[in-house]
1. Quick check, is SER154 small (Gly, Ala, Ser), surrounded by fewer than 14 Cβ atoms within 10 Å (Cβ to Cβ) and under 21 Å from GLU106 (Cα atoms)?
2. Restricting to the stretch 97-124, and then to whatever is touching an Asp or Glu at 6+ places or on another chain (Cβ under 9 Å), surrounded by fewer than 22 Cβ atoms within 10 Å (Cβ to Cβ) and hydrophobic (A, V, I, L, M, F, W, C), can you tell me which residue is nearest to ASN172 (Cα to Cα)?
3. Which of the residues that make up the stretch 53-78 are surrounded by fewer than 21 Cβ atoms within 10 Å (Cβ to Cβ) and among the hydrophobic types (A, V, I, L, M, F, W, C)?
4. Return the residues of the stretch 186-217 that are touching a residue at least 12 places away in the same chain (Cβ under 8 Å) and polar (S, T, N, Q); say none if nothing qualifies.
5. Among the candidates GLU146, GLU127, single out the residue that is surrounded by 12 or more Cβ atoms within 10 Å (Cβ to Cβ), touching a helix residue (DSSP H, G or I) at 6+ places or on another chain (Cβ under 6 Å) and either more than 23 Å from ASN67 (Cα to Cα) or not hydroxyl-bearing (Ser, Thr, Tyr) (or both).
6. Would you mind telling me which numbered condition in (1) surrounded by fewer than 17 Cβ atoms within 10 Å (Cβ to Cβ); (2) of a type outside the set (Val, Ile, Thr); (3) out of contact with any Lys or Arg (no Cβ under 9 Å at 6 or more places or on another chain) ALA134 fails?
7. Filter the stretch 148-177 down to the residues that are out of contact with any Lys or Arg (no Cβ under 9 Å at 6 or more places or on another chain), within 25 Å of ALA62 (Cβ to Cβ) and outside any loop (DSSP other than H, G, I, E, B) and list them by number.
8. Please verify whether LEU192 is assigned to a helix (DSSP H, G or I) and either at positive phi or of a type in the set (A, V, I, L, M, F, W, C) (or both), treating the condition exactly as stated.
Amino acid sequence: MKWSIRRPIVWAVGITLIGLIIFIVSKGSSEADSFNLDQQPSLGKASAPVEIIEFGDYKCPACKEFNGSFLSQIQEELIATGKVTFYYVHYPVIHEDSKRAARFSEVVYQVLGNDVFWQFHHVMFDEQPKNSKAVKQDIYTDEFLEKTLNGLVSEEKTEEVMKAFQDGSGRNAVDEDLRYAEELNVSETPTLFVDGEQFKGENLADLKEMVEESSHE
């Protein structure tokens, strides 16, 4: 039986295409996998068996509601019980104002640490204007951010954060957060992921069920 020259060519093309697909898929997954959650603000023990990630925006009214109610339930029933580690990732897409606030809070995290970050984080949502028109306005100005932080820490620490912020700190971290959100196809805030899978439930019971399933995998 004579070999046709077409057969090895077809195989070669097929192998090349398969290799290209594997490269693209592995490149995308490696980029997502390379995101270091250890450098993100977190709640709970790092040794917890399940990870929950929230993607949020300080100008998002739904995020404000989440922070005021749902997060406290997660804290009580999942974080405090050692079942999950909770991470926050910025996804500031509503307004340029969102990016300023996200970058400033990143600087708070970098300069003053995790505990002060969460204090500032909660106050930012508490201070979010109730007027819906404010969503598209510059509310989180440098002056607002400085005053808000100064209500939590000393003037000296506030000045340290302001200097770092004005020098450009926090920008790379927020850019990395945005890239990570895009890799995971995040399209709205707040969005939760449980061990890499997007949460699509409606309440705490649904989230607890997903956490339980993930912890047994």
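The values are calculated or read from the model by the stated rules, or taken from the named source; none is laboratory data. For clarity, every value in this text was computed on a predicted model and none was experimentally measured. Using ideal geometry, Cβ is built from the backbone for each residue, glycine included, and neighbour counts are taken over all protein chains shown.
1. Yes: the conditions hold for SER154.
2. So the residue we want is VAL111.
3. ALA62, PHE66, PHE70
4. Scanning the stretch 186-217 gives THR189, THR191, GLN198, SER214, SER215.
5. That would be GLU146, the only listed residue that is surrounded by 12 or more Cβ atoms within 10 Å (Cβ to Cβ), touching a helix residue (DSSP H, G or I) at 6+ places or on another chain (Cβ under 6 Å) and either more than 23 Å from ASN67 (Cα to Cα) or not hydroxyl-bearing (Ser, Thr, Tyr) (or both).
6. Only one criterion is unmet by ALA134, namely (3).
7. THR148, ASP175, GLU176, ASP177
8. no
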